[in-house]
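Throughout, read-outs are computed from the coordinates displayed, never taken from laboratory work. Because the structure is a prediction, the values reported are computed rather than measured. Cβ coordinates were reconstructed from backbone atoms using ideal geometry, including for glycine residues, and neighbour counts include every protein chain displayed.
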Amino acid sequence: MTISRRWFSRGVGVVLFSVVVATGYGSEFHVATGDVYEVYSQISREHAEATVTKLEALSTLYNEYFRFETEELPSELRVRIFDRRGEFDRYLSDRIDVSRDEFVYLHFTDAARSELVGYAMDDEETYRASMVHQSVVQFIRAFIPNPPLWLREGFAVYFEESRFDPERGEAEFRKNTAWIEPLQNLLDERIGELFAPSEFVTLSADDAASRLETFYAQAWGAVSFLSNAEESRHNRILWDAIGALEPDASARRNAELVERKALRWIDEEELATAFSEYVEGLQTFRTLVERGIEAYADERLEIAEDRFRAAIERRADSHVPWYYLGLIHYTRGEFDDARAYYEAARDRGADEALTLYALGLNAFGADERHDAVEYLRAAAETDPARYEERTESLIEQLDS
């Protein structure tokens, strides 16, 4: 599995507009200002406004966890977006002498110089995830300049799938399931081993970079577990950790504060067991589908239906759970529902001949003889090798 890395960072009120010129970096920047963010966009005035709206909503979501006093910020958090990769690269090279493929948060001791920088990407999903990830880092470091690495990047990947819902005007949290399987494999020692807890809490960027996928899986897992654990004493670890952070402390000092104030009273072995059980209980789209198919084969239709519906919540674009839900409703004699699910599977790229054949059998079961013949003939024409002989006798029965 290939998982995009977001890189370690270096280091809605009334929206107002103006236009400024960035000398030496191409076209003008359109500026939109909100309560928390100020966005400079080369793309368009509308883009600057939309980006401010999204980030303001996202910051509200982030702050449900952190409870930072946003009104105490000395200035808005700056975001700068270029319309071309080349200008983005030149801008970065003038400041940190390196380039990046995606958004990067530039953090400086002088907060006025700090900013989130990106460029217009062809892939909208990569653009969204990259901006969200680094905006989490920017938001945390605006209040705690040197948080522990695991907490900073753990929250960044935890929120990475979140997105703005324009209809509601709010940010929507979505689970980031990309790290479930890597973390489960680590726990099973299939692809390496986790960092020891005492090492993980105080981990440096260089040490994390040496085992990057392990670090991100464990950081995501730590934040996900502590945010969602059923035991309130485990949830409290996260809230105590956030409360222990000091704005003027170094990353090492903040890590020590977290260790002393949030982890001191917890039995490490018991916590490790609870963490393992939590991770083992997480199910990816693939495992839900696999277990749904097993349940269907065993004629445990209610369990199979629950698993396929859960799979759709993870990935609504895959045809597989929709097709199996069609089979389940067909087995129950619920032919109208079965047809709807088969059509949904067909719309999502299911095997055309197979789906037409299933629709034909479903119409046959519903005593819709004309539709059954049409579907079965279409299946035979689409894939004669598989369906011509199989449909011949059925069509003869329906035509008689």
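Reported to the nearest whole Å, the Cα centre-to-centre distance from segment 88-152 to segment 305-371 is 45. For residue 101 and residue 367, what is the calculated FRET efficiency with R₀ set at 60 Å and r taken between the beta-carbons, to the nearest 0.05? The calculated FRET efficiency here is 0.55.
Under unit Cβ charges (Lys, Arg +1; Asp, Glu -1), what dipole magnitude, rounded to 20 debye, does segment 180-281 have relative to its Cα centre? That gives segment 180-281 a dipole magnitude of about 420 debye.
Using C-alpha pairs below 8 Å separated by at least 6 residues, the relative contact order for segment 268-317 is 36 percent.
Take the Cα of residue 90, step 7 Å toward its Cβ, do the same at residue 193, and the gap between the two points is 5.1 nm. Sorted on the mean count of surrounding Cβ atoms within 10 Å across their residues, most packed first, peptides 107-114, 41-48 read 41-48, 107-114. Listed peptides 130-143, 238-251 appear in the order 130-143, 238-251 once ranked by packing, highest mean of other Cβ atoms within 10 Å at the front. With a Förster radius of 22 Å applied to the C-beta separation of residue 205 and residue 246, the computed FRET efficiency comes to 0.65.
Close amide H partners of residue 164, meaning residues 5 or more places away or on another chain with modelled amide H under 5 Å apart, are 172. Remark: the residue 348-residue 109 segment gains 81.0 nm on full extension, using 0.36 nm per residue and subtracting the alpha carbon distance. Summarising the label geometry, the points placed 7 Å from Cα in the beta-carbon direction at residue 267 and residue 75 lie 5.2 nm from one another.
Per-peptide packing, taken as the mean over residues of other Cβ atoms within 10 Å, places 282-289, 166-173 in the sequence 282-289, 166-173 from highest down. List the relative contact order of segment 285-399 as a percent without decimals, with contacts defined as Cα pairs under 8 Å and 6+ residues apart. Worked out over segment 285-399, it gives 16 percent. Per-residue ellipticity at 222 nm computed for the chain from its helices equals -18500 deg cm²/dmol, with DSSP H segments shorter than 4 residues left out and the rest contributing -39,500 (n - 2.57). Loop-resident GluC sites (Glu not before Pro) (DSSP state other than H, G, I, E or B) in segment 214-316 with no more than 11 further Cβ atoms inside 10 Å of their Cβ: 230, 299. Our summary gives segment 185-330 a relative contact order of 15 percent, counting only alpha carbon pairs under 8 angstrom and 6 or more residues apart. Restricting attention to the chain, close to 60% of DSSP beta bridges with both partner residues there are antiparallel. Here each label is just a point 7 Å from Cα along the line to Cβ, and for residue 168 and residue 316 those points are 1.3 nm apart.
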